[in-house]
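Notes to accompany the following structure.
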Amino acid sequence: MFVDYTDISDDAKVWIYPSSRKFYNTEIEELENKIKSFIDSWQKEDENFKASYQFLHNRFIVLVVEYNETAISNSAMDASVSFILQLQETYKVDLLDKMNVCFKQGKFVQYKELKDFKKLLKNKALTGKSIIFDNLVNNNYDFKNFWEMPIEDSWYSRFL
């Protein structure tokens, strides 16, 4: 069941899908409607299943799921991955590649391969104070508090 993001607890499971490119303004309304429609129909038969999303920086799709009694079923996981794969195909973007790094460079969000990110650090184009997105956080509390942070305070600091 779709609920407002503010009604989701800190313990809720989070999946972050960074897009390989910024979504165009002309795509955003349609994309958000697709996400809402998917969430509204996702696990509809389970009254303990509450889900929401965030769409941030015109680049990040964040699915958030709160479930009380049971773990998320394999079929629910499969449905979400199938949905994300459909979005990739429709919008010609990568959303499932976890080997890329997202960070802020000025007011812009960059999406780079890990090897290119390391080069930027080596060449001092980024510093420990630069803001990175940790797309591997897995609950809503960590998402709200540790998703966006200076590189020096993240697990990416090992590349400094």
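Return the long-range amide H neighbours of ASP94 (sequence gap of 5 or more, or a different chain), with a cut-off of under 5 Å between placed amide H atoms.
Long-range HN contacts for ASP94: SER20, ARG21.
Send over a whole-number figure in Å² for the accessible area per residue of the chain, probe 1.4 Å.
Values: 8890 Å² over 160 residues.
Normalised by residue count, the accessible surface of the chain is 56 Å².
Under a 5 Å amide H to amide H cut-off, with H placed in plane at 1.01 Å, what residues pair with ASN139 once short-range neighbours are removed?
Distant-sequence amide H within range of ASN139: VAL14.
Given the whole protein assembly as supplied and a 1.4 Å probe, what does the accessible area of GLU29 come to in Å², nearest 10?
Accessible surface of GLU29 is approximately 140 Å².
Going Cα to Cα from LYS115, which lysines come in below 30 Å? Please leave out same-chain ones fewer than 8 positions away.
Here the lysines satisfying the reach criterion relative to LYS115 are LYS13, LYS22, LYS92, LYS98, LYS104, LYS107, LYS124, LYS129, LYS144.
Starting from a Cα-only point model with no solvent, please compute log10 I(q)/I(0) by Debye for the chain at q = 0.15, 0.21 1/Å.
Each listed q corresponds, in turn, to -0.84, -1.39.
Give the angle, between 0 and 90 degrees and rounded to the nearest 10, that separates the Cα long axis of helix 74-91 from the longest principal axis of the Cα atoms of the chain.
It works out to around 60 degrees.
If you line up the long axis of helix 25-41 against the longest principal axis of the chain, both from Cα atoms, how many degrees apart are they, to the nearest 10?
On a 0 to 90 degree scale, this one is about 40.
Could you list the chymotrypsin sites (Phe, Trp or Tyr not before Pro) in the range 60-160 that lie in coil according to DSSP, counting only those with at most 13 other Cβ atoms within 10 Å of their Cβ? Display every interim value, and only then the final one.
Working: sites: PHE60, TYR67, PHE83, TYR91, PHE103, PHE108, TYR111, PHE117, PHE133, TYR141, PHE143, PHE146, TRP147, TRP155, TYR156, PHE159; in loops: TRP147.
Listed in order of number, the matching sites amount to none.
At 1.4 Å probe size, put MET149, MET99 in order of accessible surface, largest to smallest.
Result of the area sort, largest leading: MET99, MET149.
Can you give the helix-only mean residue ellipticity at 222 nm for the chain, where every DSSP H stretch with n ≥ 4 adds -39500 (n - 2.57) and the sum goes over all residues, rounded to the nearest 500 deg cm²/dmol?
Per the formula, -10000 deg cm²/dmol.
Counting only protein heavy atoms and a 1.4 Å probe, tell me what percentage of the chain's accessible area is made up of carbon and sulfur.
48 percent
In straight Cα distance, which aspartates and glutamates are under 17 Å from LYS122, not counting same-chain residues fewer than 8 positions off?
The reachable aspartates and glutamates, counting only those whose Cα sits under 17 Å from LYS122, are GLU113, GLU152.
Positive end of the dipole of the range 31-102, charges at C-beta (+1 Lys, Arg; -1 Asp, Glu), about the Cα centre: which of HIS57, MET99, ILE84 has its Cα farthest in that direction?
Highest projection toward the positive end goes to HIS57.
Along the Cα-to-Cβ line of LYS98, 7 Å from the Cα, sits a label point; which residues in the range 8-22 have backbone N less than 17 Å from it?
13-20
The values are calculated or read from the model by the stated rules, or taken from the named source; none is laboratory data. Please read these numbers as outputs of a predicted model, since none were measured by experiment. Backbone-built Cβ (ideal geometry, glycine too); neighbour counts: all protein chains shown. These area figures cover heavy atoms from the full protein model, side chains too; ligands, DNA and RNA do not enter into them. Shrake-Rupley method; radii C 1.70, N 1.55, O 1.52, S 1.80 Å.
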